[in-house]
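First the structure, which I've put down as structure tokens, then a few questions once you've had a look.
Coordinate-derived values only; no laboratory data. Quantities reported herein were computed from a predicted structural model and do not represent experimental measurements. Ideal geometry is used to build each Cβ from the backbone, glycine not excepted, and the neighbour counts take in all protein chains shown.
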Amino acid sequence: MEILLSGATGLVGRALCATLEDDGHTVRRMVRNTSPLSPEAIYWDPKNGTLAPEDLEGADAVVHLAGEPIAAGRWTAARKARIRDSRVEGTRLLCERLAACSFPPSALIAASAIGFYGNRGDEILNEGSGAGTGFLSEVCQAWEASTEAASAAGIRVVNLRIGVVLSPAGGAMAKMLPAFKWGLGGTLGGGVPWMSWIHLDDLVGAIIHTLGRADLVGPVNAVAPGAVTNKTFTKTLGRVLGRPTVLPVPSSVLRVLLREMADELLLSSAHVTPERLIASGYDFRFSDLENALGDLLVGKRQGEDG
Ligand SMILES: NC(=O)c1ccc[n+]([C@@H]2O[C@H](COP(=O)([O-])OP(=O)(O)OC[C@H]3O[C@@H](n4cnc5c(N)ncnc54)[C@H](OP(=O)(O)O)[C@@H]3O)[C@@H](O)[C@H]2O)c1
């Protein structure tokens with residue numbers, strides 16, 4: 001297949017590119033940076049609405065991962081606008097251009113996030129569960145809705161609601177590892193919030209599975225079947241690293257330091273299940289957190305399920 005990929009330089013994009021190319025597919029990266037622009041790359045500038053429609057012709061499918069990082073800094077009004085606009089306007093631009101192709105791709109796998117569900121306590125959430133409230137939920141709802149032009153053009157659109165991606169190479173885990181390695185890791189929110197995670201390899205596997213399943217359309221939760229509470233996550237990570245985790249982090253301190261980000265990112269609870277991935281036959285390699293963390297932090301493949 002020839003696959004167009006946005007966000008190719010990110011945590012997920014890099015891993016996905018490597019696997020797709022190893023599997024013999026051609027990946028054409030959509031890049032915002034022209035130096036160096038390889039001949040097969042496609043230049044786009046989502047901020048200014050630049051994307052030449054003819055550059056998109058001929059692709060079999062598109063995987064759209066691009067978006068301003070969520071946790072790169074304090075949520076000022078300007079940063080929140082970038083988080084939202086890079087996703088909503090970038091996705092709208094891409095979908096309008098895809099819809100205008102003479103030969104549109106058959107599928108668009110578009111990133112979304114479990115932030116869609118908001119803070120839901122102990123409720124078990126599947127793809128049929130309604131949206132939550134708050135900034136991230138509103139961003140996710142608008143992000144998913146901005147794929148409408150592609151659906152209307154007959155492109156199969158999957159909105160992949162991604163959970164916390166586990167990899168020491170980036171994302172939430174890379175941010176928390178230094179404290180845990182110093183023995184300063186501790187529970188957040190009294191250990192109560194649910195964390196719905198996915199091993200990076202399974203996210204790559206799930207995207208490739210979704211590309212090949214013509215019957216999958218609409219929201220698909222990309223999380224492992226084994227969501228855990230923050231307490232279980234904290235204790236498991238400490239055990240895998242062989243470090244103590246006895247210092248709980250008070251929510252009041254997080255709120256002073258991070259304001260709205262504390263409640264939306266660190267203290268929010270979402271117990272999400274991958275119902276549609278399982279029903280469509282995706283076989284998770286890592287459904288147990290200890291195995292996933294062992295694989296990522298101790299030794300490749302050491303802890304793989306089964
Ligand atoms: N990692 C997670 O735990 C997680 C969880 C839920 C959802 N997601 C979503 O999944 C997608 C991929 O995640 P990731 O962890 O790979 O993200 P990432 O490492 O932050 O990479 C995202 C990519 O988006 C592009 N980008 C950055 N700022 C942008 C902007 N202002 N406008 C347009 N493009 C921009 C960059 O690629 P270029 O510079 O090449 O354009 C960047 O490499 C993201 O949309 C993210 O929100 C991730």
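What does the extension gain come out to for T50 and S151, with contour length at 0.36 nm per residue minus their alpha carbon separation?
34.2 nm
For S106, S268, what's the fewest-to-most ordering of other Cβ within 10 Å of each Cβ?
Ordered by Cβ neighbours within 10 Å, fewest first: S106, S268.
Which three extents, in angstrom, do the Cα atoms of the stretch 17-95 have along their principal axes, listed largest first?
Ordered largest first, the stretch 17-95 gives principal extents of 42, 27, 24 Å.
A further question follows. Just want the ordering: L51, L258, from fewest to most Cβ atoms lying within 10 Å of their own Cβ.
Fewest-to-most ranking of L51, L258: L258, L51.
Starting from the 7 Å offset along Cα-to-Cβ, what nm value, one decimal, do you get for the label separation of H25 and A142?
3.0 nm
Using a Gaussian network model on the chain with a 10 Å cutoff between Cα atoms, which of V240, V62, V220 fluctuates the most?
V240
Can you pull a Stokes-Einstein diffusion coefficient for the stretch 49-186 at 10 °C (1.306 mPa s), Rh from Kirkwood over Cα pairs, as a whole number of µm²/s?
It comes out at roughly 95 µm²/s.
Still on this structure: Pick out which of G13, G121, G294 has the largest mean-square fluctuation in a Gaussian network model of the chain, springs linking Cα atoms closer than 10 Å.
G121
Another question, then. Would you mind telling me the antiparallel percentage of the DSSP bridges in the stretch 2-297, rounded to 5?
Counting DSSP beta bridges with both partners in the stretch 2-297, the antiparallel share is about 10 percent.
Binning every alpha carbon pair distance of the stretch 250-300 at 10 Å from zero, what are the percents per bin?
20, 25, 32, 21, 2
GNM, the chain, Cα, under 10 Å: largest mean-square fluctuation among D295, D85, D23?
Sorting by GNM fluctuation, first place goes to D23.
Whole Å is fine, so just give me how far the alpha carbon centre of the stretch 202-226 lies from that of the stretch 145-176.
Their Cα centres are 10 Å away from one another.
Rank these for me by crowding, F135, F103, going from fewest to most other beta carbons within 10 Å.
The order, fewest Cβ neighbours first, is F103, F135.
To the nearest whole percent, what portion of all C-alpha pairs in the chain is separated by more than 30 angstrom?
When every Cα pair of the chain is considered, 31 percent fall beyond 30 Å.
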